[in-house]
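Trainee: What follows is a structure written as structure tokens; I'll ask about it next.
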């Protein structure tokens with residue numbers, strides 16, 4: 001799901017033993033034939049790396065292609081490692097290192113809304129026990145595997161007592177199975193303030209779909225911008241790797257000023273997932289060397 005461009009050249013130069021099946025998805029085309037091709041390809045290959053896909057439509061019935069892709073492949077969780085890079089000017093002096101584990105297929109992104117009567121729009125937020133448990137368990141297992149000490153569940157259960165209340169309830173129940181990992185929770189609006197003022201209190205953040213988007217963008221602002229972080233999308237059978245913030249960047253398209261690091265980090269994530277750790281480390285080390293060189297910067 002990438003074009004034969006810079007990433008392809010880097011893989012060739014580094015001798016990465018990976019070949020690509022390239023699928024172009026255009027955000028302006030009518031119909032979903034190209035998206036169907038992509039889904040078929042991912043089901044066949046099991047793994048994909050993709051750029052950010054734009055869905056150019058304001059029609060209520062048109063589902064985002066990114067959402068459709070995640071739903072069709074049941075990519076129920078998105079993971080982002082948000083950490084400070086040496087050589088990048090940030091808001092805080094001490095390094096930040098936070099992992100975000102985000103529910104990826106429901107919540108407000110269920111995209112179920114309608115105009116019940118003229119001038120009145122209803123939007124449905126879907127939260128299920130099954131998917132809340134899947135993402136919470138993933139968060140705790142991730143914390144255990146990575147040697148993390150704390151999981152913080154982010155919610156708005158004080159207002160959305162049933163939907164976010166269920167998500168929080170499931171997280172609290174599951175936390176009892178991981179006694180070595182501290183669990184606490186925080187309301188999303190307070191979380192944003194706490195991230196800006198004291199990000200070091202967070203270790204692993206377990207959250208719903210929309211709140212994950214908000215948190216991700218706040219942290220990007222803290223560590224140096226949206227062009228650095230990659231995102232990992234996992235289901236039981238498939239995995240997709242991509243730039244973390246999912247911003248299509250149409251305002252800078254064709255200007256040759258976009259930061260390629262997020263896509264390069266996505267490629268490192270993919271190679272680690274495939275077991276090509278040596279090649280992943282080659283590219284990762286090159287990224288770090290580039291970032292500490294003040295003479296090499298996007299504008």
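The values are calculated or read from the model by the stated rules, or taken from the named source; none is laboratory data. What you are looking at is a predicted structure, and each value in this text was computed from that prediction instead of being measured. FYI the Cβ positions are ideal-geometry reconstructions off the backbone, even for glycines, and counts take in every protein chain you see.
Trainee: Can you tell me which residue within the stretch 125-158, out of those that are touching a residue at least 40 places away in the same chain (Cβ under 8 Å) and part of a strand (DSSP E or B), is surrounded by the fewest Cβ atoms within 10 Å (Cβ to Cβ)?
Mentor: Out of the qualifying residues, it is 150.
Trainee: Oh, and also: Quick check on my filter: what residues within the stretch 48-72 are out of contact with any helix residue (DSSP H, G or I) (no Cβ under 6 Å at 6 or more places or on another chain) and either at pLDDT 85 or above or closer than 27 Å to residue 222 by Cβ (or both)?
Mentor: Within the stretch 48-72, the subset out of contact with any helix residue (DSSP H, G or I) (no Cβ under 6 Å at 6 or more places or on another chain) is 50-52, 54, 56-64, 66-71.
Hits for the stretch 48-72 are 50, 51, 52, 54, 64, 66, 67, 68, 69, 70, 71.
Trainee: Sticking with this structure for a sec: Which number in (1) touching a residue at least 24 places away in the same chain (Cβ under 8 Å); (2) surrounded by fewer than 22 Cβ atoms within 10 Å (Cβ to Cβ) marks the one condition that residue 172 misses?
Mentor: Failing condition for residue 172: (1).
Trainee: For the stretch 1-11, what are the residues that are modelled with pLDDT of 85 or more and loosely packed, with under 11 Cβ neighbours inside 10 Å? Spell out how you get there, then give the answer.
Mentor: Step one: list which residues in the stretch 1-11 are modelled with pLDDT of 85 or more, which gives 9-11.
If the condition is that a residue be modelled with pLDDT of 85 or more and loosely packed, with under 11 Cβ neighbours inside 10 Å, then 9 is the only one that fits.
Trainee: Still on this structure: Need the failing condition index for residue 179 against (1) farther than 23 Å from residue 125 by Cβ; (2) out of contact with any helix residue (DSSP H, G or I) (no Cβ under 8 Å at 6 or more places or on another chain); (3) buried (at least 21 other Cβ atoms within 10 Å of the Cβ), just the number.
Mentor: Failing condition for residue 179: (3).
Trainee: Give the residues of the stretch 214-260 that are touching a residue at least 40 places away in the same chain (Cβ under 8 Å) and part of a helix (DSSP H, G or I), sorted by residue number.
Mentor: Selection gives 215, 216, 219, 220, 221, 222, 223, 250.
Trainee: May I pose another question? Could you tell me how many of the residues in the stretch 8-28 are in contact with a strand residue (DSSP E or B) (Cβ under 9 Å, 6 or more places away or on another chain) and closer than 16 Å to residue 53 by Cβ?
Mentor: The number of residues fulfilling the criteria is 1.
Trainee: Here is a follow-up. Scanning for something outside any helix (DSSP H, G or I), within 17 Å of residue 98 (Cβ to Cβ) and in contact with a strand residue (DSSP E or B) (Cβ under 9 Å, 6 or more places away or on another chain), does the stretch 185-196 turn up at least one residue? Before you say what the answer is, go through the steps one by one.
Mentor: Of all residues in the stretch 185-196, those outside any helix (DSSP H, G or I) come to 185-187.
Adding the requirement that they be within 17 Å of residue 98 (Cβ to Cβ) leaves 185-186.
Pick out the ones that are also in contact with a strand residue (DSSP E or B) (Cβ under 9 Å, 6 or more places away or on another chain) and you get 185-186.
Checked against the condition, which is being outside any helix (DSSP H, G or I), within 17 Å of residue 98 (Cβ to Cβ) and in contact with a strand residue (DSSP E or B) (Cβ under 9 Å, 6 or more places away or on another chain), the stretch 185-196 yields at least one hit.
Trainee: Go through the stretch 87-113 and give me each residue that's surrounded by fewer than 14 Cβ atoms within 10 Å (Cβ to Cβ) and either under 15 Å from the mean Cα position of the chain (by Cα) or over 25 Å from residue 130 (Cβ atoms) (or both).
Mentor: 89, 91, 93, 94, 95
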